[in-house]
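The values are calculated or read from the model by the stated rules, or taken from the named source; none is laboratory data. These numbers come from a predicted model, not from an experiment. So basically every Cβ, Gly included, is an ideal-geometry build from the backbone, and we count neighbours across all protein chains shown.
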């Protein structure tokens, strides 16, 4: 039996779960502001006065939370793939339960053979049982995170400032062909 694959898979799953779980926030705030003007020498600004209510917010729901779904699938996949490898290569009949996602590690844990003389060493069997527990936990975490991603919508909050809706006009000196001119740009 080749168990180092499970050890690597469990450690990698733990690292990815911690990494992706921290970036799976359900709320995202987007602040809409006008694009900064390109650097021009001494621009002259002419801005018409328009009354715009400042601080308006608008919530927008765009469907399932893609970050949660992605991190859940990665966590589940990184813990389930080593289980499939062990189930396909092991001669122990209990290890064939690992083909079953989520419940397989727990079924395997319950059907493990004994340890002692003429069988698997007790230290080795204890290590296998600990790895099965970690594998079952991470498969469950991955599945729960994926389901939570489908149940919690992705929310974007748009905050509008007074400057974001105000039309602007910028005038600046510019080089035109072999002479000088005036460049006009802005938001309308």
Practice task
Could you identify the single residue in 74, 85, 81, 120 that is at pLDDT 95 or above, over 27 Å from residue 148 (Cα atoms) and touching a helix residue (DSSP H, G or I) at 6+ places or on another chain (Cβ under 9 Å)?
Solution key: 85
Handout entry: Elements of type strands (runs of 3 or more DSSP E) contained in segment 87-188, each with 3 or more residues being more than 37 Å from the chain's Cα centre (by Cα) and farther than 27 Å from residue 66 by Cα
Key = 168-176, 179-187
